[in-house]
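The values are calculated or read from the model by the stated rules, or taken from the named source; none is laboratory data. Note that this is a predicted model, so its numbers are computed, not measured. With ideal geometry, Cβ positions are generated from the backbone for all residues, glycine too; neighbour counts draw on all protein chains shown. What goes into the accessible areas is simple: the full protein's heavy atoms, side chains included, and nothing from ligands, DNA or RNA. Shrake-Rupley method; radii C 1.70, N 1.55, O 1.52, S 1.80 Å.
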Amino acid sequence: MAADAVLPVLRYSDYFTRPSIDELVEREAADPGYCSRVPDFVIGRVGYGQLSFHGNTDVRGMDLNEIVKFGRHCVEVYKDEACKPAVGQGLNKAAEVTLMLNLGILPEPGTLVEVLSCQTRKQGARFISFNHLSGRWKFEVDHFSRFGLVDEEEEDVVMDEVVVRQPIAEVRDPPANGHELELSRSLPAHLGLDPAKMQEMRMVMFSNGEDEDMEDGFPSDQRYFSSERMNVDSPNSSAKGSRLRSLSPLHGSSQKVSRRSGILARKEPQALLEYGVNSSELGPSSHGILMSGQNRGFPVRMTKVDGFKLPADQTTPVTGKIYTNCVVDAALFMGRSFRVGWGPNGILVHSGSLVNRPGTGLSSVIHIEKVGGDKVVRDEKNKVKEELTDLCFSDPMDLHRRLDREYLETESGLFKLKLQKVVASRFLLPDICRSYIDIIERQLEVSDLSMSSRVLLMHQVTVWELIRVLFSERAAGNQLEPTGDEDQEEMILDKKEGSVAIDLDALPLVRRADFSNWLQDSVCHRVQGEAGSLNDARYLEHIILLLTGRQLDTATEVAASRGDVRLAILLSQVGGSMLNRSDLAHQLDLWKTNGLDFDYIEEDRVKIYELLSGNVQGALVDSSIDWKRYLGLIMWYQLSPDTSLDIIIRSYHQLLGEGKVPYPVPVYIDEGPLDESLQWSPGDRLDMSFYLMLLHANQDEKFGLLKTMFSAFSSSYDPLDYHMIWHQRSILEAIGAFSSNDLHLLDLSLVYQLLCLGKCHWAIYVILHMPHLDDAPYIHEKLVREILSQYCESWSKDETQRVYIKELGIPAEWMHEALALYHEYYGDRQSALENYIQCGNWKKAHTIFMTSIAHSLFLSSNHQEIWDITSSLENHKSEIADWELGAGIYIDFFILRNSMQDESTTDDLDPLEKKNESCKNFFGRLNDSLLIWGSKLPVEARACFSKMSEELSELLMNSPGEGLAPDLYMGCFQTMLNAPVADDHRTSYLQEAVSVFTDILCSTDA
């Protein structure tokens, strides 16, 4: 059975099933026939309700959105009687119905439960429950067939289904005194309820705005077709009644009256519940459980909706809010509610809504958007600068390419790939970091860069400097790390000769000093910026700012210049032994113990004393300071000078967990606001620098923050910018700082960026650096072949990219396969054929040759090229289906034609009989070939076969045959008449056959 006849269809995203459609597909594949016996099948609509079917349900081939339709307080099933199965079949079976009622408009639960219970019981359904907290109304039905109604009053006689449709213009206005009509003949009165109370309930449950919708939409057009509707739906009284019916499974069933020649029609059975009503027939305000034929015969208001519009002008890439909102794959997010397609360079064609703004557009309107992965190469005017493209991507990749590496050869079927991994010595790490910093500094020299871009670039400089400080090694004494590379060892020796030998025990203190210098440099601009806004009278506050950046010399000079000699002496001794700190702390404690009135001492002076005594929290109790300076204060003034760097970092991390220190937010938040308005909360992202510190302090333990560390948000507000993070990860992994096999998101994100810029060769280079996984051994092959196929136009027209892809060891067959698909798509069949042959796809090459190439070459008498192509295919004919009825025909034609031209009469062989038999077999193959290929062969191919037949027939007719039997002559004509030739040629053959036959008869008579 075909797949579409087995699997059900669910097109709308707000509808759901249990099991889901995906689960049904999997279970049907694992257990054929599962869809014919789905246990406890459930279908529903989010926010509206659901239907739960008991036992096994056959859902094969169902269009569920045509069968099931949920509305507000309503559900409809199997409207079309012709499509409704027998009771117990399909969805026409026992089920539990759950409807969600609007809690904001419900009356008191006691009254409502009584009403709902009565309504369901009247129709033969079984009331289960109503939850006034959640608004869930549950009841059971035995099936969804038609049920007869109780014949109690003439007003309840059901109208016939054949109703004369009246134009909207002919619908009469409601009577002016509609509110004076008696309520005793209304549905509430028929059900034994108080009509006045029902009106009050309706007014409480539904707003006036919805009344307007009812008047503008379909229900208002219905309400004047019977006296009952006028009674209940008049301007004053109807506002209560129709809303009551919207909560009833009886909605519309007992109020339909038909008149045939003035005679009331007899009652007809009506469906309790129905599914599958077309949405355009329901109108905007259809409420209640809709009954069979509820809106038949009534005018329907039609609303014109524009859909499937393709914007002619589309500015790309999408910037601003749309840019940041389009980073989620809409196909995965929206499910089956629409089709989606990714085009080249980040173009997304979809018919959905933005991820964080659901429901903002029609699903029938096509949108073209571009996910802006190239923002990093744009200037402040949002224009792409080629210079930035090279500096951001090509130059760092060239630097990465020059590093030493290891190779891992993997097999992918018949082909091999050489995976790569960069290896580097920690002794060479300073040079590597310096090279990357040089590239970034060249970017800073580019004109028209936005301020936010400059801030991020400066941050990258500090990150590379921090990597050098935290992870590089220095040779101590005669220590030399073997590298296995003579050039690298010579470089290390040169560096060692030019540096001072350091004692092994002093290396941690040297690293601590380097880290301290890094902190001072990274916060210097913040200190200078804040100090520049102070006036000269606030010199103590100025000194505090200088201390936060450890600018001790400047702070001492400021104090001395203002005549504060004692403070200058204290500042000059900062950073010495712990004895001075303890003395200062002891003095402050004495002042507090002895009750010194601190009001006579400047507040900022006390803060300076607290800070110099090591009480950082006390000194900054009312101050706001960034996290780097706070870390520096703990390192410089609180902890002892010989404290190791690991302990300093872990101490700050511990205080961070206790909420006592500033959060290490990324630079674009810390030094913002930048160009983008960001929504963030403390804890969801840390700065790349702090992650590096934690990685260093982690030592030999497994580091569990790698994925968040190497996310784009740790360095940039652009969620798609991974161009420098990938290099930082690669270098850190190369020197052994960590090892991980689950950072594929980082790799593929950079691949996407490179593809958006047309750098296919670098994208493949990145893929080859992805680690090999035993559970996904062919991921590299799949990604490389997809890039070659999807971006063929880019790399095939760039000689540099094409050559480099070959140098990476990518099999030539993969490149030819991509070129073949590309040329075939654009109609260049000749180039497609050549590339299919080069990539070894013999079957596809044979198909293109037969359907597109062979006939044009033959008719243009380019026989040598045909021979060359067919000869190359003949070596693999065992892999080609119907070879003898395909390209083999051309080879055999040339052989047969040449043999017939060269053959001469011999004494022991009759050449005409041999030629006739060969032609007969060949013509039979031509006819069989026409049958096999059928409509795939164009008219030119048939003309080609006809020309072959004509040439061979001509040679057969001109063959010497004097003295041979007449039957052989006539057999030759029979062979030619069976050949696939044009009718005029067949007619000439027939005339020639008649002429020869006449001559034979004449010679026989003579």
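Overview of values
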item	result
Residues of the stretch 557-600 classified as open to solvent by less than 70 Å² (accessible area, probe 1.4 Å), in contact with a Phe, Trp or Tyr (Cβ under 9 Å, 6 or more places away or on another chain) and assigned to a loop (DSSP other than H, G, I, E, B), total	3
Long-range neighbours under 9 Å by Cβ, at least six apart or interchain, first residue open to solvent by 80 Å² or more (accessible area, probe 1.4 Å) within the stretch 975-998, second among the hydroxyl-bearing types (S, T, Y)	F997/Y969
Residue count, the stretch 69-82 (criterion: touching a residue at least 12 places away in the same chain (Cβ under 8 Å) and open to solvent by 40 Å² or more (accessible area, probe 1.4 Å))	3
Helices (runs of 4 or more DSSP H) enclosed by the stretch 843-950 - at least 2 residues per element that are open to solvent by less than 10 Å² (accessible area, probe 1.4 Å), touching a residue at least 40 places away in the same chain (Cβ under 8 Å) and closer than 29 Å to D983 by Cα	854-859, 888-902, 911-933
Criterion (out of contact with any helix residue (DSSP H, G or I) (no Cβ under 9 Å at 6 or more places or on another chain) and closer than 19 Å to L10 by Cα) met by exactly one of V87, V46	V46
Among residues of the stretch 108-141, those that are over 18 Å from Q50 (Cα atoms), open to solvent by less than 70 Å² (accessible area, probe 1.4 Å) and of a type in the set (D, E, K, R), counted	0
Hits in the stretch 816-833 (condition: buried (at least 20 other Cβ atoms within 10 Å of the Cβ) and among the acidic types (D, E))	E817
Residue list for the stretch 698-727, filter: open to solvent by less than 10 Å² (accessible area, probe 1.4 Å) and assigned to a helix (DSSP H, G or I)	M709, A712, S714, I725, W726, H727
Answer residue from the stretch 387-422, given it is assigned to a helix (DSSP H, G or I), of a type in the set (D, E, K, R) and in contact with a helix residue (DSSP H, G or I) (Cβ under 8 Å, 6 or more places away or on another chain) and is least open to solvent (accessible area, probe 1.4 Å) among those	D395
Evaluation of V523 against (1) touching a Gly at 6+ places or on another chain (Cβ under 6 Å); (2) modelled with pLDDT under 75 (one fails), failing number	(2)
Residue match in the stretch 473-480 (condition: open to solvent by less than 70 Å² (accessible area, probe 1.4 Å) and modelled with pLDDT of 75 or more)	yes
Residue check, G148 at pLDDT below 75, within 41 Å of the chain's Cα centre (by Cα) and open to solvent by 50 Å² or more (accessible area, probe 1.4 Å)	no
Among (1) within 37 Å of the chain's Cα centre (by Cα); (2) open to solvent by less than 60 Å² (accessible area, probe 1.4 Å), the one test that E813 misses	(2)
Only listed residue being touching a helix residue (DSSP H, G or I) at 6+ places or on another chain (Cβ under 7 Å), at pLDDT 95 or above and not hydrophobic (A, V, I, L, M, F, W, C), chosen from S425, S435	S435
Pairs, first basic (K, R) in the stretch 721-735, second buried (at least 22 other Cβ atoms within 10 Å of the Cβ), C-beta under 8 Å, six or more apart	R729/F710; R729/L746
